[in-house]
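Take a look at the structure below.
Nothing in this text is a laboratory measurement; each read-out follows from the coordinates by a stated rule. Quick caveat: nothing in here was measured; it's all calculated off a predicted structure. Note that each Cβ is placed from the backbone with ideal geometry, even for glycine, and that neighbours are counted across all protein chains shown.
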Amino acid sequence: EFALVKVRASRVEQLIAEGNGNARVVKKMISNLDYYLSACQLGITVTSLGLGWLGEPLFERILHPVIELLHLPNALVATISIVTAFIIVTYIHVVVGELAPKTLAIQYTENIALLYARPLYIFGLIMKPLIWLMNGSARLIIRLFGADPNA
């Protein structure tokens, strides 16, 4: 997401002239930036939901027996386990799924854009109907607020 926004079009053109196939894909994505930013957002959201769906119960199962050692009431043990698991999963998601990748994309814009160009392009093709629906829904909501969705 950050790499697509930050990559220099002139550098992409230079790489295309040098025969870099991934640069051609990056150029296509830059020319349809809103669509591919939506694809990125969809991927991030699905990953977040999956991490929560799988990670929270896993950490809860690991933490529950440890917290039971405190000899607290069962309801409190369950609550503490679930809340702690949620905090751990949130931390992992923010650090590994958001902060570190964005920092890397800002520092290594060109490399990241070229590396993820084809996977993102393919993901965008596979998810095209859903991305189209989401973008259309967002434009409708923006219009309902009296704003221009193309601004």
Margin query: Using only Cα atoms and rounding to the nearest 10 degrees, what angle (0 to 90) does helix 109-126 make with the longest principal axis of the chain?
Written below: 80 degrees
Item checked: Stokes-Einstein translational diffusion, region 61-128 - Kirkwood Rh over all Cα pairs, 0.890 mPa s, 25 °C, in µm²/s -> 162 µm²/s
Item checked: Cβ-defined net charge surrounding Leu125, 13 Å radius [Lys, Arg +1; Asp, Glu -1] -> +3
Next item on the list: Determine the sum of side-chain charges near Glu68: Lys and Arg each +1, Asp and Glu each -1, restricted to other residues whose C-beta is under 14 angstrom from that of Glu68.
Entry: 0
Notebook entry, point to check: If Lys and Arg each add +1 and Asp and Glu each add -1, what is the summed charge of the other residues whose beta carbon sits under 15 Å from the beta carbon of Ser48?
Noted result: -2
Item checked: MRE, 222 nm, helices only [DSSP H, n ≥ 4, -39500 (n - 2.57), over the chain, to nearest 500] -> -27000 deg cm²/dmol
Notebook entry, point to check: How large is Rg/Rh for region 2-144, to two decimals, with Cα atoms and a Kirkwood Rh?
Noted result: 1.15
Item checked: Protection proxy ranking of 67-80, 34-47 - average other beta-carbon atoms within 10 Å, highest first -> 34-47, 67-80
Check: How are the Cα pair distances of region 45-89 distributed, in percent, across 10 Å bins from 0?
Finding: 32, 46, 17, 4
Check: Counting alpha carbon pairs within less than 8 Å and at least 6 residues apart, what relative contact order, in whole percent, applies to region 2-144?
Finding: 38 percent
